[in-house]
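This is the structure, below, for whatever I ask next.
The values are calculated or read from the model by the stated rules, or taken from the named source; none is laboratory data. Computed from a predicted model, the values in this text were never measured in an experiment. When we count neighbours, we look across all protein chains shown, and the Cβ atoms used for this are built from the backbone with ideal geometry, even at glycine. Accessible surface areas use protein heavy atoms only, side chains included; no ligands, DNA or RNA. Shrake-Rupley method; radii C 1.70, N 1.55, O 1.52, S 1.80 Å.
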Amino acid sequence: MNIYISEVHLIGRRGPAQAAFTTKELRELIAIENCSVYVDPKDLELNENSLKELSQERARKRQFELISKCTNLSTDSRKKIILHFLKSPLKFNSINDKLSSITLQENKLIGEVGKQQAIPIQDLAPIDLNCSIVFRSVGYKSKGIEDIPFNNTKGIVINNLGKVYPGLYVSGWLKRGPNGIIGTNKFDSQETIEQLFQDLETNQISNFSTFDNQSKNKIFNLLIERNVKPISFIDWLKIDAFEKNIGNNSNPQRPRVKITSKEQMIKIATS
C-alpha cells in the first residue's frame, strides 16, 4: 500500500525561542526538495523573557532568524511542513473509529528567563486541526546516578567538555541533553575522548592499565557469569550484513532495513 503524505504539522507547547531543534536540523528541514516550511507570523511574537533568552544564546537567535524567514507559504510546493508554537493537544477526534482531527489549546508563557512554562489561555476557543495520523513526542530526560554530580534541571551529568573528573567521562544526551542529530554524537564523543587522552598524557588517571586481550577476556567471563550473552564485533557484522541484504532486496531498494527487535538481533548474531 502506497501512502502519500503532503502536509505535516509540528506542534510545540512553548514558543520558537524555546524550540529544542538545532540550527542544522532546521536548515535541513527548510532545504527539503519540493517542500514549503511555514510558520504563522503570530507564533513568532515573543514576550519580554523570550527576547532575553534569545539575546543570551547565539544559537537560538540564529534559529529564530531562520524560522522568521518561513512566514510565506509557497503554493507551488507539493509538500508542506507547518510549524505551530504555543499550542497543546487537548483531545483526539475520530469518525468511524478513525482519527479525523486533533483539538489544540493555545498557550502563553509564564516564569523567569530560561525557566518559562506553557499554560493554557482559558478564554480562547480550542482549535481543531484535521489529520489522519499522529506521532507523539514527549521529550527525554536522563536520570542521575548515585555519587555522580548531576544537574536535575537540565538532566545531564555535570561535566566540562565531557570530563566529569579524571577517570570519569560522559558523552551523548547524558552529557549535553536531548538534542542534535546522529552526526552530533560523533563530534560530541570526539570532544570527550580528547579529554580522556589529555588526562592520560598528564598522568591524571590513576590505576590505569593498558587494555589487552587478558582484560578483554575478564570482561567477557564476567558477563557470562552473570548470564549476559555478549555480542562481539564479529557478531554485529552478521546483523549488519542481514540488514543490508534486506535493504538490497527491497522495492524500492534501500541501503539497509533496520532490525528493531532485540530478540531477532540476538538470534541473527548468534546464528
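List the pairs whose first member sits in the range 213-241 and is small (Gly, Ala, Ser) and surrounded by 10 or more Cβ atoms within 10 Å (Cβ to Cβ), whose second member is at pLDDT below 80 and not in a helix (DSSP H, G or I), and whose Cβ atoms are under 8 Å apart, counting only residues at least 6 apart or on separate chains?
215/209
Return a yes/no flag: does the range 45-66 have any residue that is within 26 Å of residue 184 (Cα to Cα), touching a strand residue (DSSP E or B) at 6+ places or on another chain (Cβ under 9 Å) and of a type in the set (Phe, Trp, Tyr).
no
Next question, about the same structure. So is residue 103 under 29 Å from residue 80 (Cβ atoms), open to solvent by 40 Å² or more (accessible area, probe 1.4 Å) and touching a residue at least 24 places away in the same chain (Cβ under 8 Å) or not?
no
Could you give every pair whose Cβ atoms fall below 9 Å, whose first residue belongs to the range 12-38 and is at positive phi, and whose second residue is assigned to a loop (DSSP other than H, G, I, E, B), counting only separations of at least 6 or pairs across chains?
Every condition considered, the pairs that remain are 34/76; 34/77; 34/78.
Is it the case that some residue within the range 40-49 is without any contact (Cβ under 8 Å) to a residue 12 or more places away in the chain, surrounded by fewer than 17 Cβ atoms within 10 Å (Cβ to Cβ) and either of a type in the set (S, T, N, Q) or touching a Phe, Trp or Tyr at 6+ places or on another chain (Cβ under 7 Å) (or both)? Explain how you work it out, then say what you get.
Step one: filter the range 40-49 for residues without any contact (Cβ under 8 Å) to a residue 12 or more places away in the chain, giving 42, 45, 48.
Filter once more, keeping what is surrounded by fewer than 17 Cβ atoms within 10 Å (Cβ to Cβ): 42, 45, 48.
With the extra rule that they be either of a type in the set (S, T, N, Q) or touching a Phe, Trp or Tyr at 6+ places or on another chain (Cβ under 7 Å) (or both), the set shrinks to none.
Within the range 40-49 (the criterion being without any contact (Cβ under 8 Å) to a residue 12 or more places away in the chain, surrounded by fewer than 17 Cβ atoms within 10 Å (Cβ to Cβ) and either of a type in the set (S, T, N, Q) or touching a Phe, Trp or Tyr at 6+ places or on another chain (Cβ under 7 Å) (or both)), the answer is no, since none of the residues qualifies.
Ok, one more. Do you know which residues across the range 140-165 are loosely packed, with under 11 Cβ neighbours inside 10 Å, in a loop (DSSP other than H, G, I, E, B) and either over 19 Å from the mean Cα position of the chain (by Cα) or in contact (Cβ under 8 Å) with a residue 60 or more places away in the chain (or both)?
Here is the first cut: in the range 140-165, the ones loosely packed, with under 11 Cβ neighbours inside 10 Å are 143, 145-147, 152-153, 160.
Then keep just the ones that are in a loop (DSSP other than H, G, I, E, B); that gives 143, 145-147, 152-153.
145, 146, 147, listed by residue number.
Sticking with this structure for a sec: In the list 88, 137, which residue meets the criterion of being more than 30 Å from residue 200 (Cβ to Cβ), at pLDDT below 95, within 24 Å of the chain's Cα centre (by Cα) and open to solvent by 100 Å² or more (accessible area, probe 1.4 Å)? Spell out how you get there, then give the answer.
Details: 88 fails: open to solvent by 100 Å² or more (accessible area, probe 1.4 Å).
Among 88, 137, only 137 is more than 30 Å from residue 200 (Cβ to Cβ), at pLDDT below 95, within 24 Å of the chain's Cα centre (by Cα) and open to solvent by 100 Å² or more (accessible area, probe 1.4 Å).
Yes or no: the range 71-79 includes at least one residue that is among the basic types (Lys, Arg), over 27 Å from residue 185 (Cα atoms) and touching a residue at least 12 places away in the same chain (Cβ under 8 Å).
There is at least one residue in the range 71-79 that is among the basic types (Lys, Arg), over 27 Å from residue 185 (Cα atoms) and touching a residue at least 12 places away in the same chain (Cβ under 8 Å).
For the range 1-30, what are the residues that are open to solvent by less than 80 Å² (accessible area, probe 1.4 Å), over 12 Å from residue 80 (Cα atoms) and of a type in the set (A, V, I, L, M, F, W, C)?
Within the range 1-30, 11, 17, 19, 20, 21, 26 qualify.
When residues of the range 106-131 are filtered for being surrounded by 15 or more Cβ atoms within 10 Å (Cβ to Cβ), hydrophobic (A, V, I, L, M, F, W, C) and assigned to a strand (DSSP E or B), how many remain?
Residues in the range 106-131 being surrounded by 15 or more Cβ atoms within 10 Å (Cβ to Cβ), hydrophobic (A, V, I, L, M, F, W, C) and assigned to a strand (DSSP E or B): 3 in total.
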